[in-house]
1. Which of the residues that make up the range 159-177 are of a type outside the set (A, V, I, L, M, F, W, C), closer than 23 Å to L116 by Cβ and part of a helix (DSSP H, G or I)?
2. Considering A210, A179, which residue is buried (at least 17 other Cβ atoms within 10 Å of the Cβ) and either out of contact with any strand residue (DSSP E or B) (no Cβ under 8 Å at 6 or more places or on another chain) or modelled with pLDDT under 95 (or both)?
3. So which residues in the range 56-106 are among the aliphatic types (A, V, I, L, M) and within 18 Å of I36 (Cβ to Cβ), if there are any at all?
4. Please enumerate the residues belonging to the range 2-49 that are over 18 Å from the mean Cα position of the chain (by Cα) and either on the phi > 0 side of the Ramachandran plot or charged (D, E, K, R) (or both).
5. Could you check the range 107-129 and list, in sequence order, the residues that are open to solvent by 50 Å² or more (accessible area, probe 1.4 Å) and either without any contact (Cβ under 8 Å) to a residue 24 or more places away in the chain or not in a loop (DSSP other than H, G, I, E, B) (or both)?
6. Only residues that are within 12 Å of the ligand (Cβ to nearest atom) and either part of a strand (DSSP E or B) or acidic (D, E) (or both): list them for the range 178-206, please.
7. How about the range 160-187: which of its residues are touching a residue at least 12 places away in the same chain (Cβ under 8 Å) and over 20 Å from P228 (Cβ atoms)?
8. Which fully enclosed strands (runs of 3 or more DSSP E) of the range 26-96 have 2 or more residues being among the charged types (D, E, K, R)?
Amino acid sequence: MAIIKTAILQTHVYTDKFRNITQAAELLASPELQGIDLAVLPEMFCCPYENKYFPEYAEPERGDTWEKCSRLAAEYGIYLVAGSMPERDEAGNIYNTSYVFDRNGHQSGKHRKMHLFDIDVKGGQYFKESDTLTPGDQVTVFDTEFGKMGLCICYDFRFPELARLMVDEGAQVIIVPAAFNMTTGPLHWELMFRQRAVDNQVYTIGAAPARDLNAGYQSWGHSIAADPWGKVLMEMEEKPDVKVVKLDLDEVKKVREQLPLLKHRRGDIYALTTFSL
Ligand SMILES: NC(=O)CCC(=O)C(=O)O
């Protein structure tokens, strides 16, 4: 039986970068989180989600924030999906990047958001990540002692092709640091996590920042876990919160055996490979 005790941390995002890391450290030290296997932080957990902050808060890989997250993973002997943070490469490009650390604090995964969040909904949410960010171009699946997990960031998860590529690479859980907004969140957030879970027969995990009414961008919050049947195991409200969910990978196996969607695909007719538009 492979049960993964997974903590989802819906944290407040402070403008003081290091307060955000201290907050994560304090939560990981709390008695309720002892014995967990995996912890997941939100998208931009250490940087307010606004274009003006991304260049200012950006750090290279192995920078201070990376280092502190690596130490936390090693200290608590957990897998840590360190939400996401702005990463600056040597050429000066900035990415929205999620690092994964294993139980020894070694980096075991890295995903650069591939689909930049550029939307303009009349009377609703406007955002243009491409004003400051550069997109990544790699599908990310990382290894754990439990099996493979897929990783993408927020808007990435809207693209079903990406989730399917992760599943084709063996993912049984898809983890999504995310920060949906007040326009799309109410209608699409839960639906998306349930739908990707059903289509791909995986657990889906979304970790969002808590809503801050004083922030420039209002996060929908509602961090969530759905099982491979599409059932919501846990969904938070908008305030800071931490919940532990148990992911049973035998369930993935059972669902895939009893309702063999992945086997019944007609790959001879529809080739789900990367395509150009
Ligand atoms: N940070 C994001 O990518 C937000 C995505 C979002 O809100 C959406 O509707 O998609």
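The values are calculated or read from the model by the stated rules, or taken from the named source; none is laboratory data. Since we're looking at a predicted model, the values are computed, not measured. No Cβ is skipped: glycine too gets one built from the backbone with ideal geometry, and neighbour counts run over all protein chains shown. Each accessible area value is taken on the protein alone, full model and side chains, heavy atoms only, with ligands, DNA and RNA left out. Shrake-Rupley method; radii C 1.70, N 1.55, O 1.52, S 1.80 Å.
1. Once the filter is applied, which keeps residues that are of a type outside the set (A, V, I, L, M, F, W, C), closer than 23 Å to L116 by Cβ and part of a helix (DSSP H, G or I), the range 159-177 yields P160, E161, R164.
2. Values: A210 fails: either out of contact with any strand residue (DSSP E or B) (no Cβ under 8 Å at 6 or more places or on another chain) or modelled with pLDDT under 95 (or both).
Checking each option against the conditions leaves just A179.
3. Within the range 56-106, L72, A73, A74, I78, L80, V81, A82, V100 qualify.
4. Residues satisfying the conditions are D16, K17, R19, E26, E32, G35.
5. Result: Q107, K110, R112, D118, D120, K122, G123, Y126, K128.
6. Of everything in the range 178-206, just one residue is within 12 Å of the ligand (Cβ to nearest atom) and either part of a strand (DSSP E or B) or acidic (D, E) (or both), namely G206.
7. Taking the range 160-187 first, the residues touching a residue at least 12 places away in the same chain (Cβ under 8 Å) are 160-186.
Those that are touching a residue at least 12 places away in the same chain (Cβ under 8 Å) and over 20 Å from P228 (Cβ atoms): P177, A179, F180, N181, M182, T183, T184, G185, P186.
8. Numbers: elements: 38-40, 79-81, 85-88.
Where strands (runs of 3 or more DSSP E) fall fully within the range 26-96 and carry at least 2 residues being among the charged types (D, E, K, R), they are 85-88.
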